[in-house]
Amino acid sequence: MVISNNKKTVHGLGRIRRCIDDHFAIGPLYADDPLIAKMLLRALLQPNLFSTSPKSIHYRAPDSNLEAVDMFQELAEGKVEVEILHPQFTKEVIKVGYFLPIEFL
């Protein structure tokens, strides 16, 4: 699902997909602001989008965006299980015990 303006500029996008055994996952979910994110989430949670009733719906929120966790809890009415993801990237080079030249990767 995409939210865009009449100039075809994308302001938000979201996807809900069926996983194994009627479990569903939301993601990615990107939006320019919280209002657009709420519009996308409301649209993605409409029951008429599903061919079968979901056993569960999952969303993984980055820990840098705890506002998203609050939004999901508010709008999903307990329908969405939110998992907090912790960053796996740094601004520092991580030293490892081996080095492979880039042409071998």
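Here is how the numbers come out for the structure above:
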quantity	calculated
Segment 37-47 - phi-based ³J(HN,Hα) in whole Hz, Karplus 6.51/-1.76/1.60, Gly and Pro as x	4, 5, 4, 5, 5, 4, 5, 5, 8, 5, x
Separation in nanometres of the label points that stand 7 Å from Cα toward Cβ, at LYS38 and LYS8	3.1
Net length gained if the chain between LEU49 and TYR30 were fully extended (0.36 nm per residue, minus Cα distance)	4.9 nm
Between segment 8-24 and segment 32-80, the Cα center-to-center distance that results, in Å	10
Virtual spin-label span in nm between ARG17 and GLU83, 7 Å along Cα→Cβ	1.4
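Any read-out appearing in this document is the output of simple, stated calculations on the displayed coordinates, not a laboratory observation. Computed from a predicted model, the values in this text were never measured in an experiment. In this analysis, Cβ positions are derived from the backbone assuming ideal geometry, glycine residues included, and neighbour counts consider all displayed protein chains.
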